[in-house]
Amino acid sequence: MRELFDEDLGSSSLNPEESVRNSARAGHRNRFYTSASVRETPEGFAVLLDDRPVRTPSRNVLAAPAREIAETMAAEWEAQRDVINPMTMPLTRLANSIIDGVTGRVDAVVEDIAKYLETDLLFYRAGHPDALVARETAHWDRVLFWAAETLEARFILTEGIVHVRQPAQAVAAARKALPSDPWVVGALHVVTTLTGSVLLALALMAGRLDADEVWAAAHVDEDWNSEQWGIDEEAAVQRASRLVDFRAAAAVLRARAGPIG
């Protein structure tokens with residue numbers, strides 16, 4: 001079974017789009033098992049295929065810290081028919097990335113997330129038209145107010161895309177809210193990279209916004225442009241693929257993350 005997971009489920013990169021590309025390069029394998037199940041083990045809630053544990057690309061046991069996560073992964077395996085298609089198994093791919101790529105180097109991944117506190121999507125605003133300005137305000141300001149009130153992190157906004165240096169105090173305050181649990185860190189990293197906003201990711205983690213609200217907030221400008229000029233079909237396909245990975249990460253945050261502040 002080693003070749004199946006090494007080739008079809010891709011590397012342990014935290015970049016979800018790269019994981020999709022890696023998965024797509026390999027041919028799909030025939031389904032070789034009768035059923036998928038979950039069992040509590042020393043590693044956590046492990047996914048089993050015909051009572052045999054699934055292994056990650058690095059040969060670790062595919063096990064989650066919460067039964068809810070493991071059962072969702074098992075359902076992904078159970079849903080496979082004649083062939084195993086990793087593209088339809090986003091939570092399994094994310095789990096591989098977390099188990100192999102985050103556990104053991106949590107601090108490095110947290111620091112990668114923290115870099116977004118200097119260039120967060122929510123800091124860079126449109127100057128016109130008024131309707132777009134109002135839409136950004138409606139979606140983004142409540143997150144910034146929450147960060148100021150709950151995290152005591154007050155950031156500087158600017159028009160356009162010219163970089164603005166954020167106050168060290170604000171960055172440090174928001175940095176304190178970043179988690180240490182490998183599963184939460186891995187999921188937060190995915191949400192941050194897909195949305196371009198660590199503040200949106202933190203708001204999702206804390207339950208301040210739900211997944212649909214975060215996804216909409218991350219695409220305010222893109223949706224505005226689509227309304228004005230029409231939908232770019234290729235971009236729409238890529239966005240749909242990213243949404244699948246986003247929802248997998250959001251599911252992990254829902255199962256594992258706690259309140260902030």
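The values are calculated or read from the model by the stated rules, or taken from the named source; none is laboratory data. Owing to the predicted nature of the structure, the values given are computational and were not obtained by experimental measurement. FYI the Cβ positions are ideal-geometry reconstructions off the backbone, even for glycines, and counts take in every protein chain you see. Surface accessibility is based on the protein's heavy atoms, side chains included, excluding ligands, DNA and RNA. Shrake-Rupley method; radii C 1.70, N 1.55, O 1.52, S 1.80 Å.
A few comments on the model shown:
- Pairs with Cβ under 7 Å, 6+ apart, first in the range 165-193 and in contact (Cβ under 8 Å) with a residue 24 or more places away in the chain, second open to solvent by 10 Å² or more (accessible area, probe 1.4 Å) and polar (S, T, N, Q): PRO182/THR103; THR193/ASN15
- Flag if ARG165 is surrounded by fewer than 21 Cβ atoms within 10 Å (Cβ to Cβ) and touching a Leu at 6+ places or on another chain (Cβ under 7 Å): no
- Total residues in the range 50-71, condition in a loop (DSSP other than H, G, I, E, B), among the hydrophobic types (A, V, I, L, M, F, W, C) and under 18 Å from the mean Cα position of the chain (by Cα): 1
- Pairs where the first residue, in the range 84-96, is outside any helix (DSSP H, G or I) and the second is among the polar types (S, T, N, Q), C-beta under 8 Å, 6+ apart: ILE84/ASN30; MET89/GLN80
- When THR119 is tested against (1) open to solvent by 40 Å² or more (accessible area, probe 1.4 Å); (2) among the hydroxyl-bearing types (Ser, Thr, Tyr); (3) within 15 Å of LEU188 (Cα to Cα), only condition (3) is not met.
- Here the condition is being over 18 Å from LYS115 (Cβ atoms) and not in a helix (DSSP H, G or I); of ARG208, ARG254, ARG239, it holds for ARG208 alone.
- In the range 42-54, the qualifying residues are those that are of a type outside the set (A, V, I, L, M, F, W, C) and more than 22 Å from VAL185 (Cβ to Cβ), and the one that is surrounded by the most Cβ atoms within 10 Å (Cβ to Cβ) is PRO53.
- Single residue of the range 80-107 satisfying the filter (loosely packed, with under 15 Cβ neighbours inside 10 Å and in contact with a strand residue (DSSP E or B) (Cβ under 9 Å, 6 or more places away or on another chain)) that is nearest to ALA64 (Cα to Cα): VAL83
- Scanning the range 196-219 for residues that are of a type outside the set (A, V, I, L, M) and buried (at least 24 other Cβ atoms within 10 Å of the Cβ) gives a single hit, SER197.
- The set of residues in the range 244-257 being more than 9 Å from the chain's Cα centre (by Cα) and open to solvent by 40 Å² or more (accessible area, probe 1.4 Å) consists of VAL244, ARG254, ARG256.
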